[in-house]
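The next block holds one structure in the form of structure tokens; read it before the comments.
What follows is calculated from the coordinates using simple rules that are stated; it is not laboratory data. Please read these numbers as outputs of a predicted model, since none were measured by experiment. Virtual Cβ from ideal backbone geometry, glycine too; neighbours counted across all protein chains shown.
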Amino acid sequence: MFYRLAGVHHTRYETARALWPVPADRWQVAIVALLALAAPFFLSSLYLGSYLLPWLIWSAAALSLTLLMGLAGQLHFGFAAVMAIGAYSSIHLARFGVPFELALIGAGLTAAVIGSLFGAAALRVKGLYLVMATLAMQYLVDWVIINVPAISGGAQATLRTPSVSFLFIPLDTLSARYYLALGWVALVAIFFLNVKRTSFGRALVAIRDKDFAAAVIGVDPFRYKLMAFFTSSFMGGVTGAVLAFCYYRAVTPEQFSFNVSIQLVAMVLVGGLGSVIGGFLGAGFVLLVPIILTNLVAGMAAAGWFTVSSNLLAHVPLMIYGALIIGFLLFEPLGLAKIYDNIRKYFLVWPFRHSRS
Amino acid sequence: MMEGRIRPAHEPVLVCENVSRWFQGVHALKNVSVTIGKGEIFGLVGPNGSGKTTLVNAITGFYPPQQGKILFEGKQINGLKPYRIAEGGIARTFQNVALFRGMSVLDNILMGRHIFMRPNPLASLFYWWWAQKEEIAHRRKVEEVIDLLQLESVRDEHVDVIPLGLQKRVELARALSAEPRMLVLDEPMAGMNQEEKEYMVRFILDAQDALGLTVLIIEHHMDVVTAICERVLVLNNGSAIAEGPARQAISDPQVVEAYIGKTRDAA
């Protein structure tokens, strides 16, 4: 079949550590990249702006979170707050006249500093206690944003993003905003893949798997946990800014509430912890499946298969969606990424049945 | 043959002076003193619960002793964090294999190079211009260890799927790739069959020879202990009951008593 390891020989350590050593994987990545680049030319603005664009941005958010939760193994239930810090600081920086490129970096740094401050406080505890500590961050940040008019623009206020340009391209058109989001998520994905094959990623995984064994070969657990919080919060902050400028274009504190944090955790879990493709699949699942289910149920009702009240129609997709998440956690705890991996391995060893892991 | 291995003037590498450790009411180590010489293979034996692992944990910084001093190459190391002690040149393996289960064999061994690497998110981001060179350089070092321990065939496997004997060997490889001057092995042959045991002994001797290591080894297989250890320390209930050349120490009446009881108990 098309997946073949035969003929893939490594004569240099560089190629043995290539991102996609198997030609079939390279083809898939190239095709997906081309489709993503060409999307504004063949997708209607409805699909581009309301489905693909948020999917990409939330994928970047899920990847930021899975660096912390999947690689470093530190649970974080307040990641929407990190994104809120990024969104609000980028807007204020841009309004202040800071070039948008720098505002994005400023957003990342603000989120990273505040995120790792909470991280440092939270790192004395593990597991469920860490969840509580990060929840506290969510509520504290929410409270500060809502109650400090200088940040939120007043109670119940909506803060519009100023019009900006990125590298001399004004972000007024949908396709410009789409390409910025695409560029960011591609950068995040490549960064994540590189982290996984370098010493930084290995140190994080070592702490997650066996912290005492990590310490005994020279990893300072506190330092690397903090680095994980910093890096992840930086990415989350920039993603929050990209979300504000490319998608929402007007932010309110509710857009970054506790529900959103839970959605992010769901994306990471359903997608598969610590996996890049899992980040994309998880974000797609959590964002798009409820919409698809609603359309499906409404469509079947319209076709006269059964009758549903509008009240029931509002809830049925949510129920199916909840059942799906429970199903995933029960039957494939490693998430959509594992399902993808199983299919890939099936083709890799085809026509035989078993691969070793 | 063993007599030939004993070098008379050992320069001391690791010195424990009156080390004591309590866990609440349990007095796990009672004034244990021991000196291990450079290049020596030193055995630590004793019945279950006698404090062998506690002594090793005290040396590697997990359970710092409440009393006493531990010197490594003349510098005091008790009170240092475990990762500091690792940076100082002591590597160890664990009784229950403590590999990183989410990683491949190669990545696990590469982890041993951590103290020589400069992990940094920016280096990862600019992989091709920054981190790659370092990764490759350390990969070469790791491949030497893989060669030495004959792990070539499994280097790309996940550590989960290889047999226990190999897992223990991977753990040894990880410790060796940190280029330690002292290696602490906590029951490296527990749960192994005879063949795996012989391999392991061979590898420990090879590594000690090739890298000029000092080895502290906890082991229950007395055949192994008498075969490779120059001297042993016998612990019982947290106190040292015998010390000296391996055969002599384990035939000490007190040691026999600690292991299998007194003759009059047998009745």
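Residues in segment B:170-181 carry Karplus couplings, in order, of 5, 5, 4, 4, 4, 5, 5, 6, 7, 6, x, 9 Hz; the curve used is 6.51 cos²θ - 1.76 cosθ + 1.60 with θ = phi - 60°, and Gly or Pro positions show x. A Förster radius of 35 Å combined with the Cβ-Cβ distance from residue B:251 to residue B:179 puts the calculated FRET efficiency at roughly 0.45.
Between segment B:144-192 and segment A:144-211, what is the C-alpha centre distance in whole Å? Segment B:144-192 and segment A:144-211 have Cα centres spaced 41 Å from each other.
So what does log10 I(q)/I(0) come out to for segment A:196-297 at q = 0.19, 0.22 Å⁻¹, using the Debye formula with one equal point on every Cα and no solvent? With no solvent term, the Cα-only Debye profile gives -1.09, -1.26. Only one residue of A:232, A:129, A:219 has its Cα farthest out toward the positive end of the dipole of segment A:19-349, where Lys and Arg carry +1 and Asp and Glu -1 on Cβ, and that residue is A:219. Normalising the Debye intensity of chain A to I(0), with uniform scatterers on Cα atoms only, and taking log10 at q = 0.07, 0.14 Å⁻¹ returns -0.33, -1.28.
Most tightly packed first, judged by the mean number of other beta-carbon atoms within 10 Å of their residues, the peptides B:61-73, A:285-297 read B:61-73, A:285-297.
Counting only DSSP H runs of at least 4 residues, each contributing -39500 (n - 2.57), and dividing by the residue count of chain A, the helix-based mean residue ellipticity at 222 nm comes to -22500 deg cm²/dmol. Think of segment A:19-349 as having a plus end and a minus end, set by charges on the Cβ of Lys, Arg, Asp and Glu; of A:90, A:325, A:185, A:185 sits farthest toward the positive end of this dipole. Within the shell of other residues whose beta carbon sits under 15 angstrom from the beta carbon of residue A:54, the net charge comes to +2, with Lys and Arg scored +1 and Asp and Glu -1.
In the protein assembly as shown, Rg over Rh equals 1.06, where Rg is the alpha-carbon radius of gyration and Rh the Kirkwood radius from pairwise Cα distances. Which residues among segment A:204-242 fall inside the zone where the amide N is under 20 Å from a point 7 Å beyond the Cα of residue B:126, along Cα→Cβ? Answer for segment A:204-242: A:231-232, A:234-235. Counting only other chain Cβ atoms within 10 Å of each residue's Cβ, the peptide B:133-139 averages 3.
For the residues of B:99-112, the average number of beta carbons from a partner chain within 10 Å of their own beta carbon is 5.
Could you tell me the center-to-center distance, by alpha carbons, between segment B:91-134 and segment A:23-72 in angstrom? For segment B:91-134 versus segment A:23-72, the Cα centre distance is 29 Å.
With R₀ set to 60 Å, the beta-carbon distance separating residue A:126 from residue A:45 gives a calculated FRET efficiency near 0.80.
Take every DSSP beta bridge whose two residues both sit in the protein assembly as shown; close to 60 percent of them are antiparallel. Across segment A:39-76, the residues whose backbone nitrogen lies under 18 Å from the label position 7 Å along the beta-carbon direction of residue A:25 are A:71. If you take all other residues with their beta carbon under 15 Å from the beta carbon of residue A:66, and give Lys and Arg +1 and Asp and Glu -1, the sum is +3. Placing unit charges on the Cβ atoms of the charged side chains and taking the dipole of the protein assembly as shown about its Cα centre, the candidate lying farthest along the positive direction among B:220, B:14, A:31 is A:31.
Dipole check for chain B: with +1 at the C-beta of Lys and Arg, -1 at the C-beta of Asp and Glu, and the Cα centre as origin, the magnitude is about 840 Debye.
With 0.36 nm allotted per residue and the present C-alpha distance subtracted, the residue A:13-residue A:288 stretch has 95.0 nm of extension available. With R₀ set to 30 Å, the beta-carbon distance separating residue A:186 from residue B:161 gives a calculated FRET efficiency near 0.35.
A viscosity of 1.002 mPa s and a temperature of 20 °C, combined with the Kirkwood radius over C-alpha pairs in the Stokes-Einstein formula, give segment A:1-77 a diffusion coefficient of 136 µm²/s.
Most tightly packed first, judged by the mean number of other beta-carbon atoms within 10 Å of their residues, the peptides B:219-228, B:108-117 read B:108-117, B:219-228.
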